[in-house]
Amino acid sequence: MKSKIHRCNCRNVWSIQNRNKKITANTILLDGEWFAELKPERSCDPKGFVTTNKSQEIILNPSFSYLKNFKKAGKLIYDKKSINFNIINGKYLFFDEDGTCYILKKEQEL
């Protein structure tokens, strides 16, 4: 099922939403393919999301030992003024507690 992930800055958490439920987490690992979705016509924020078609690839508050399987390869940056992401799709993202979103690579793929 398609899920949308965005930052809820008012509570300093990440929000995951699909048509059945909405949950929050301090950190999220997206262990699979993702793409950016923009909705500039919306009257309220958020207007940009990260989406995935496979909710089972979303890991809430992943353990440090599991994250050791990945290396940071860059950052996914959302420009709120121009309503745009610096990268529109990829594989493996880590949504950190401080609000940063890291693009990851698996160790064996490096």
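Picking from residues in the stretch 36-77 that are among the small types (Gly, Ala, Ser) and in contact with a Phe, Trp or Tyr (Cβ under 7 Å, 6 or more places away or on another chain), the one that is most open to solvent (accessible area, probe 1.4 Å) is 36. When we screen 22, 80 for residues that are among the charged types (D, E, K, R), open to solvent by 50 Å² or more (accessible area, probe 1.4 Å) and in contact (Cβ under 8 Å) with a residue 12 or more places away in the chain, the only hit is 80. Residue count for the stretch 83-101 under the criterion of being surrounded by fewer than 18 Cβ atoms within 10 Å (Cβ to Cβ), over 29 Å from residue 41 (Cβ atoms) and under 11 Å from the mean Cα position of the chain (by Cα): the result is 1. When residues in the stretch 10-19 are screened for being under 12 Å from the mean Cα position of the chain (by Cα) and touching a residue at least 60 places away in the same chain (Cβ under 8 Å), 1 of them pass.
The values are calculated or read from the model by the stated rules, or taken from the named source; none is laboratory data. Given the structure is predicted, the values throughout are model-derived calculations rather than measurements. A quick note on method: Cβ atoms are made from the backbone with ideal geometry, for glycine too, and the neighbour counts reach across all protein chains shown. Side chains included, ligands, DNA and RNA excluded: accessible areas come from the protein's heavy atoms. Shrake-Rupley method; radii C 1.70, N 1.55, O 1.52, S 1.80 Å.
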